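Quick notes on the structure that follows.
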Amino acid sequence: MGRQINKLSARGVATLTEPGRHSDGGGLYLVVDASGAKRWLFMFRWGGSRKEMGLGGLSAVGLADARDKAAEARKLLDAGTNPIEARKEAAAEASRNAVSTFGEFAEILIEDIRSGFRNTKHQAQWLSSLKTHAACLWPLSINEVGTEHVLDVLKPIWKTKQETASRVRGRIERILDAAKAKGKRTGENPARWRGHLDKLLPKRSRLARGHHPAMAYDDVPAFVKDLRERDAIAARALEFLILTASRTGEVRGATWDEVDLDRGIWTVPAARMKAERIHRVPLTARALDIARAMHQARENDFVFPGARKNRPLSSHAILMLMRRMDKEQFTPHGFRSSFRDWAGECTSFPREIAEAALAHVVGDETERAYRRGDALMKRRKLMDAWAGYLSTAKAKADNVTPIRAQAG
């Protein structure tokens, strides 16, 4: 800089008591406060104005260290860089690279990927499932999580809550993969299934479509007969669910702009489908009867309105209905399994048609590329056959008027 530097001595720095700034040269100053406290300051000009950058207190930064810091700042200035901004960027980078706990990293990652979730509920489920079942991982350093920790999470729920355990494992795996991508971990992922945990945990039992208890298909017609004798919105919604082999959330969230009563088609948007693909559902004559009856008594935009204003029917209402019918051991979702078992054992419809009716993705990517349609007409024939089978118990088909006074 062309000016004298290293003006101060170690003894002088130690004995100075006069308040003010004492120059060492080259922009470096020892500041003595009125209280007697001493600290280092680097002063420079940037953009036409004077800037001040603190270099630390004398108790932590000695004269030699202060001169090194000042020399580094001068190099940055010579290179056209503001040393204050450079220090901020370095601190931010260090913060990003700092080792964090599993919980801290998980929360940051979930926030970063939230745009990829189907809805806010899905995002909340991610965080809730990890905090509930992987709580023991939360305080661990992200680079310390090992196979034994993952097993501690999974073993208590592996046999009793298979679907939940599978999802939790997958979420842990994704978090640890992301940590490795950001340089916070090394080595193999301890939550990986294939070639790792599949050697340490028993295979999941192949119950009827997972963890949803399903009614035997030959018992469903009698159940539907009893269902049709109940004048309640929950009964109509559950029968509609069975007739269409749909998921509970899809039926509860159905709105009138999705239903074409003239063409007999219910189009569920991708945002409400598990596979995130539009699903057209062919409505049988009985399903249309239910829809038309509900339309006549229309209260809001939902096909099956709930007790609360402008809200859909609650899942609790359907579960309580099944409890009153002494069928609480089964789940509404299980009727999809009943339908699939019936289609496989009692009909000659191709497997892919039955799977398409359940909105399952069938075949590999190449096969799906060649099969652009959704086989609506073929699926309509299948669903008509299913509706006919459900009527074999001689159920009353004219009882479709919903009565709001009854909860079930």
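The values are calculated or read from the model by the stated rules, or taken from the named source; none is laboratory data. These numbers were taken from a predicted model, which means no experiment stands behind them. Every residue, glycine among them, receives a Cβ derived from its backbone with ideal geometry; neighbour counts consider all protein chains shown.
Assess whether K75 counts as being surrounded by 15 or more Cβ atoms within 10 Å (Cβ to Cβ), within 53 Å of the chain's Cα centre (by Cα), free of Cβ contacts under 8 Å to residues at least 60 places away in the same chain and on the phi < 0 side of the Ramachandran plot.
no
Answer yes if at least one residue in segment 163-179 is outside the structural domain of A270 (by TED's automatic domain parsing), over 27 Å from K274 (Cβ atoms) and buried (at least 16 other Cβ atoms within 10 Å of the Cβ), and no otherwise.
yes
Name every residue in segment 353-393 that is in a helix (DSSP H, G or I), modelled with pLDDT under 90, surrounded by 12 or more Cβ atoms within 10 Å (Cβ to Cβ) and not hydroxyl-bearing (S, T, Y), in order of residue number.
Once the filter is applied, which keeps residues that are in a helix (DSSP H, G or I), modelled with pLDDT under 90, surrounded by 12 or more Cβ atoms within 10 Å (Cβ to Cβ) and not hydroxyl-bearing (S, T, Y), segment 353-393 yields only A393.
One line per residue, one yes/no per condition, for (1) among the aliphatic types (A, V, I, L, M); (2) closer than 28 Å to A79 by Cβ; (3) surrounded by 10 or more Cβ atoms within 10 Å (Cβ to Cβ):
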{"position": "A10", "(1), (2), (3)": "yes, no, yes"}
{"position": "V13", "(1), (2), (3)": "yes, no, yes"}
{"position": "S23", "(1), (2), (3)": "no, yes, yes"}
{"position": "Y29", "(1), (2), (3)": "no, yes, yes"}
{"position": "G36", "(1), (2), (3)": "no, no, no"}
{"position": "R39", "(1), (2), (3)": "no, yes, yes"}
{"position": "R50", "(1), (2), (3)": "no, yes, no"}
{"position": "G56", "(1), (2), (3)": "no, yes, yes"}
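Being within 25 Å of A124 (Cα to Cα), touching a helix residue (DSSP H, G or I) at 6+ places or on another chain (Cβ under 8 Å) and part of a helix (DSSP H, G or I) is true for just one of D152, D177. Which residue is that?
Only one candidate passes the filter, namely D152.
Considering every residue within segment 317-325, establish whether at least one is touching a residue at least 60 places away in the same chain (Cβ under 8 Å), surrounded by fewer than 18 Cβ atoms within 10 Å (Cβ to Cβ) and not in a helix (DSSP H, G or I).
Yes, segment 317-325 contains at least one residue that is touching a residue at least 60 places away in the same chain (Cβ under 8 Å), surrounded by fewer than 18 Cβ atoms within 10 Å (Cβ to Cβ) and not in a helix (DSSP H, G or I).
Mind telling me which of the residues R311, R277, R292, R298 ends up being at pLDDT below 90 and not aliphatic (A, V, I, L, M)?
R277
Suppose the filter is assigned to a loop (DSSP other than H, G, I, E, B), in contact (Cβ under 8 Å) with a residue 24 or more places away in the chain, crowded, with 18+ Cβ neighbours inside 10 Å and more than 22 Å from the chain's Cα centre (by Cα); does A234 pass it?
Against the criterion (assigned to a loop (DSSP other than H, G, I, E, B), in contact (Cβ under 8 Å) with a residue 24 or more places away in the chain, crowded, with 18+ Cβ neighbours inside 10 Å and more than 22 Å from the chain's Cα centre (by Cα)), A234 does not qualify.
Criterion first (within 30 Å of L127 (Cα to Cα) and in a helix (DSSP H, G or I)) does I110 satisfy it?
Yes, satisfied.
Here is a yes/no grid of residues against (1) small (G, A, S); (2) assigned by TED's automatic domain parsing to the domain that holds I290:
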{"residue": "K155", "(1), (2)": "no, no"}
{"residue": "K159", "(1), (2)": "no, no"}
{"residue": "K184", "(1), (2)": "no, no"}
{"residue": "A222", "(1), (2)": "yes, yes"}
{"residue": "K225", "(1), (2)": "no, yes"}
{"residue": "R228", "(1), (2)": "no, yes"}
{"residue": "A245", "(1), (2)": "yes, yes"}
{"residue": "T248", "(1), (2)": "no, yes"}
{"residue": "T255", "(1), (2)": "no, yes"}
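So which residues in segment 50-86 are within 22 Å of G20 (Cβ to Cβ) and of a type in the set (S, T, Y)?
Matches in segment 50-86: S59 only.
Does Q329 meet the test of being modelled with pLDDT under 90 and either surrounded by fewer than 17 Cβ atoms within 10 Å (Cβ to Cβ) or closer than 30 Å to A375 by Cβ (or both)?
yes
Any idea which residue in segment 213-231 is nearest to the chain's Cα centre (by Cα), counting only those that are outside any helix (DSSP H, G or I) and among the aliphatic types (A, V, I, L, M)?
Among them, the one singled out is A214.
Out of S338, S348, report the one residue that is modelled with pLDDT of 60 or more, in contact with a helix residue (DSSP H, G or I) (Cβ under 6 Å, 6 or more places away or on another chain) and either closer than 30 Å to R298 by Cβ or not acidic (D, E) (or both).
S338
When you go through (1) outside any loop (DSSP other than H, G, I, E, B); (2) at negative phi one by one for A60, which number turns out not to apply?
In the conditions (1) outside any loop (DSSP other than H, G, I, E, B); (2) at negative phi, A60 misses (1) alone.
Against the condition among the polar types (S, T, N, Q), under 29 Å from the mean Cα position of the chain (by Cα) and surrounded by fewer than 17 Cβ atoms within 10 Å (Cβ to Cβ), how does T267 come out, does it pass?
Considered against the rule, which asks whether it is among the polar types (S, T, N, Q), under 29 Å from the mean Cα position of the chain (by Cα) and surrounded by fewer than 17 Cβ atoms within 10 Å (Cβ to Cβ), T267 comes out as yes.
Would you mind stating whether A66 is among the small types (G, A, S) and loosely packed, with under 15 Cβ neighbours inside 10 Å?
In short, no.
Among the residues of segment 267-289, is there at least one that is among the charged types (D, E, K, R), assigned to a helix (DSSP H, G or I), touching a Phe, Trp or Tyr at 6+ places or on another chain (Cβ under 7 Å) and touching a residue at least 60 places away in the same chain (Cβ under 8 Å)?
For segment 267-289, residues among the charged types (D, E, K, R), assigned to a helix (DSSP H, G or I), touching a Phe, Trp or Tyr at 6+ places or on another chain (Cβ under 7 Å) and touching a residue at least 60 places away in the same chain (Cβ under 8 Å): absent.
Which one is surrounded by the fewest Cβ atoms within 10 Å (Cβ to Cβ) among residues in segment 299-316 that are of a type in the set (S, T, N, Q) and more than 16 Å from T248 (Cα to Cα)?
Ranking the qualifying residues of segment 299-316, first place goes to N310.
Please work out which one of (1) in contact with a helix residue (DSSP H, G or I) (Cβ under 6 Å, 6 or more places away or on another chain); (2) surrounded by fewer than 22 Cβ atoms within 10 Å (Cβ to Cβ); (3) part of a loop (DSSP other than H, G, I, E, B); (4) at pLDDT 90 or above is the condition A191 fails and give its number.
Among (1) in contact with a helix residue (DSSP H, G or I) (Cβ under 6 Å, 6 or more places away or on another chain); (2) surrounded by fewer than 22 Cβ atoms within 10 Å (Cβ to Cβ); (3) part of a loop (DSSP other than H, G, I, E, B); (4) at pLDDT 90 or above, the lone unmet condition for A191 is (2).
Quick one: in segment 237-264, of everything that is surrounded by fewer than 18 Cβ atoms within 10 Å (Cβ to Cβ) and among the small types (G, A, S), which residue is farthest from M377 (Cα to Cα)?
Residue satisfying both the conditions and the ranking: G249.
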